[in-house]
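The values are calculated or read from the model by the stated rules, or taken from the named source; none is laboratory data. Because the structure is predicted, anything quoted here is derived from the model rather than measured. Glycine also receives a Cβ, built like all others from the backbone with ideal geometry; neighbour counts cover every protein chain displayed. Accessible surface is based on the protein model in full, side chains and every heavy atom, while ligands, DNA and RNA are left aside. Shrake-Rupley method; radii C 1.70, N 1.55, O 1.52, S 1.80 Å.
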Amino acid sequence: MWWGRLSARPARSWAAPRIAARLAIVATLAALTSGCFHPMYAEHTDGSPALREKLMGVELLPIDKPNASRDARIGVAIRNALAFKLYGGATGMPPTHQLRIRFTTSRSSLILDPLTALPSNESYGIDASYQLIEVATGKTVLSSSTFARTSYDIPGQLQRFARARAYRDAEDRAAQEIADNINTRLAAFFYAGT
């Protein structure tokens, strides 16, 4: 039988030392680089403010959009999501920086129904630019931009509520993504200083 031949094979004596050598190299590299690792949100032992305190010093300026418009609702969603990411459940500290956000929205049809020529899949996008202004000097210390694209399905042309709800959900997902991107960039700025 074939399984009898497998047990009669001689063991390879060179395989075990090579695996042990590779594991030793990986362990050595891990030990050498472990001193370089410093968590971004860790407390500092030298008394300097941690990243969380720096982020809590950012004041979010109101987003300038016409009242009761769809863009005003999206602006509030971006601002609220960003405030929660920066401050958590607390309120901000005395402001050291101000964040000014401007954005535009777009919507495009991705897939058209060949029979009715109506869209069955659409894309929603937000293009945002933001500036971080130092309160003490009034100088812009960070100016950048980000974008978010989300798609949504339209389940049928007769289901208007489902289409409106899918559109609103796409707006909310894009606003959350914009807030995530801005929060990540601000954390990198305050951590690395660039």
- Item | Pairwise FRET efficiency - Glu53 versus Thr28, Cβ, R0 = 35 Å, nearest 0.05 | 0.45
- Summing +1 per Lys or Arg and -1 per Asp or Glu among the other residues with Cβ less than 12 Å from Thr105's Cβ gives +3
- Label points 7 Å out from Cα along the Cβ direction at Ala21 and Thr137: separation in nm? 5.5
- Carbon plus sulfur, as percent of the 1.4 Å-probe accessible area of segment 123-188, comes to 48
- So how do Met93, Met56 rank on accessible area, 1.4 Å probe, biggest first, that is with the largest at the start? Met93, Met56
- Note on the structure: Karplus-derived 3J(HN,Hα) from phi for segment 119-128 (6.51 cos²θ - 1.76 cosθ + 1.60, θ = phi - 60°), whole Hz, x at Gly and Pro, runs x, 10, 8, 10, 10, 10, x, 10, 10, 10
- Roughly how many Å² is the accessible area per residue of segment 39-191, as a whole number, for a 1.4 Å probe? 57
- Protein chains only, probe 1.4 Å: how do Asp113, Asp64, Asp153 rank by accessible area, largest first? Asp64, Asp153, Asp113
- Message: Please give me the summed charge of the neighbours of Ser151: other residues whose Cβ is under 13 Å from its Cβ, Lys and Arg +1, Asp and Glu -1.
- Response: -2
- Task: Normalise the Debye intensity by I(0) for segment 55-194, one equal point scatterer per Cα, no solvent, then take log10 at q = 0.13 Å⁻¹ and round to two decimals.
- Result: -0.62
- Item | Rough spin-label spacing in nm, given labels placed 7 Å along Cα→Cβ, for Ser69 and Asp113 | 3.1
